[in-house]
């Protein structure tokens, strides 16, 4: 988000409950498919989501938004932007949300996962002169969520269900400076500090992150645009057991301080003017888990006509180990067993090959099709080891004993049917062929399934969205999605229908009615996983009012 990584090294994922901002402040969301490690670094393996908010100069004045519905039990936000001078603008915002419980799968019982959060922040943009621009922004958030977890208790029946309320809070501060030397050369430097605290039924976490990076772009001759940069990240954490006091999960050591050093180079070369371009680059990193990592990328784009582009790429990317893989110590049930971290766990590796074609046969119609082949090595399995600390106990560890390939296609089409009517649609096909080390074949013969095998990701996905502007300042947007089943997770395929009807009686006032998951009262989207209790998504309807002043 705005150059700040929200990816956590705790479990190689994202705490989505704290990633929020006012939708009205978002300029665009870039979804970059395929590996982006040459620029973004390790863990940008299968894609990158880049969220960019609006410049403070574009959000002057006030905005008030409020919504209420069956699942959103009150969401309100306020923003005010001020132009201090022609070159200096500031905005501040505050947002509160309260969301209802979802459902326990295949029942009508609440899942005890209601949550609420408050956040506020600011952004300042200053154009000091024609050559220098500065940005300072920050956020603060706090929230709490109901939780229900199954934990180990050491005595028969070895498990019990605990309920309670977890809390989370944190904040960040980011500063950036951009200096323009000329139309072909500029320098940018950015630094941010991020603090997060979580206290729930599973664990406590306090994490401080300090990040610094810079990059310089310049023309190298008439056909080369060269880009290079550097980065440094320091992450310090303190982890302990959750509030249930059962000792069901711990990290050893409880405190860890990690450093990441990085640099990258990229050269964009115009091989044939306005027809053939190449991008060659690589990221070089050193982390405290696996040491030195190199992640190169080569891309070619051929444009024989302004309406036709053929492109291809080959890239290497890695997912570095998380705190989970290296240092976890957790009881799992039943029977009494433990997961222990593996200090020898290595990075997961990907070599990705892509081929795509973009065409605009008509002024109002365009297609984008891409095919990919991904070759994976050293993927994670969590398997029993030969360690037996007590009779009847099994020790499990993450190991790099899964490999294989995935391949598939993606098709996206955009059609502007009329001046006020736009359709977009897409289809994705994915085939997974992953294989375990032959030494684990006896476990497969006993019926054990391994994470990452086919059936943990949907093979077919489809979406169709319609955006219509009607007379009298009315708009009507609809969307339909189909997601294939997850056979390994016991999740059935589902169809999702969303709709939004909005009316602008004045340029400053919008009233809207939104329905989500309209065709089904509740459905499951993902299945059980380690420390994950799935819940079903419910049908929801809410009304929203937005007023500018």
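The values are calculated or read from the model by the stated rules, or taken from the named source; none is laboratory data. None of the values given here were measured: they were computed from a predicted structure. Ideal geometry is used to build each Cβ from the backbone, glycine not excepted, and the neighbour counts take in all protein chains shown.
Quick notes on this structure:
- The set of residues in the stretch 293-321 that are under 30 Å from residue 228 (Cβ atoms) and out of contact with any strand residue (DSSP E or B) (no Cβ under 8 Å at 6 or more places or on another chain) contains only 321.
- Residues (out of contact with any helix residue (DSSP H, G or I) (no Cβ under 6 Å at 6 or more places or on another chain) and not in a helix (DSSP H, G or I)) located in the stretch 310-326: 310, 311, 312, 313, 314, 315, 316, 318, 319, 320, 321, 322
- Candidate set: the stretch 128-148, residues that are in contact with a strand residue (DSSP E or B) (Cβ under 7 Å, 6 or more places away or on another chain) and closer than 16 Å to residue 181 by Cβ; chosen: the one surrounded by the most Cβ atoms within 10 Å (Cβ to Cβ): 133
- The stretch 488-512: number of residues that are more than 24 Å from the chain's Cα centre (by Cα) and surrounded by 17 or more Cβ atoms within 10 Å (Cβ to Cβ): 3
- Taken over the stretch 10-60, the residue count meeting the criterion of being closer than 22 Å to residue 191 by Cβ and touching a helix residue (DSSP H, G or I) at 6+ places or on another chain (Cβ under 6 Å) is 4.
- Scan of the stretch 56-74 for residues that are closer than 22 Å to residue 28 by Cβ and crowded, with 16+ Cβ neighbours inside 10 Å, ordered by number: 56, 57, 59, 63, 65
- Residue within the stretch 296-306 that is touching a helix residue (DSSP H, G or I) at 6+ places or on another chain (Cβ under 7 Å) and either surrounded by 15 or more Cβ atoms within 10 Å (Cβ to Cβ) or assigned to a strand (DSSP E or B) (or both) present: yes
- Unmet requirement for residue 363, which otherwise passes all of (1) loosely packed, with under 15 Cβ neighbours inside 10 Å; (2) closer than 19 Å to residue 47 by Cβ: (2)
- Filter pass, residue 39 being surrounded by 17 or more Cβ atoms within 10 Å (Cβ to Cβ) and under 19 Å from residue 209 (Cβ atoms): no
- Residue 342 being crowded, with 18+ Cβ neighbours inside 10 Å, within 18 Å of residue 399 (Cα to Cα) and in contact (Cβ under 8 Å) with a residue 12 or more places away in the chain: yes
- From the list 201, 207, the one residue that fits, being in contact (Cβ under 8 Å) with a residue 12 or more places away in the chain, within 30 Å of residue 337 (Cβ to Cβ) and assigned to a loop (DSSP other than H, G, I, E, B), is 201.
- Condition check for residue 3 on (1) touching a strand residue (DSSP E or B) at 6+ places or on another chain (Cβ under 6 Å); (2) free of Cβ contacts under 8 Å to residues at least 24 places away in the same chain; (3) in a loop (DSSP other than H, G, I, E, B): one failure, at (2).
- Some residue of the stretch 246-264 being under 25 Å from residue 203 (Cα atoms), out of contact with any strand residue (DSSP E or B) (no Cβ under 6 Å at 6 or more places or on another chain) and surrounded by fewer than 17 Cβ atoms within 10 Å (Cβ to Cβ): yes
- Verdict on residue 32 being within 19 Å of residue 262 (Cβ to Cβ) and surrounded by fewer than 16 Cβ atoms within 10 Å (Cβ to Cβ): yes
- Boolean, residue 432 is modelled with pLDDT under 95 and part of a strand (DSSP E or B): yes
For (1) within 22 Å of residue 7 (Cβ to Cβ); (2) surrounded by fewer than 15 Cβ atoms within 10 Å (Cβ to Cβ); (3) at pLDDT 95 or above; (4) in contact with a helix residue (DSSP H, G or I) (Cβ under 9 Å, 6 or more places away or on another chain), each residue gets a yes or a no:
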| site | (1), (2), (3), (4) |
| --- | --- |
| 179 | no, no, yes, no |
| 194 | yes, no, yes, no |
| 207 | yes, no, yes, no |
| 221 | no, yes, no, no |
| 227 | no, no, yes, yes |
| 230 | yes, no, yes, no |
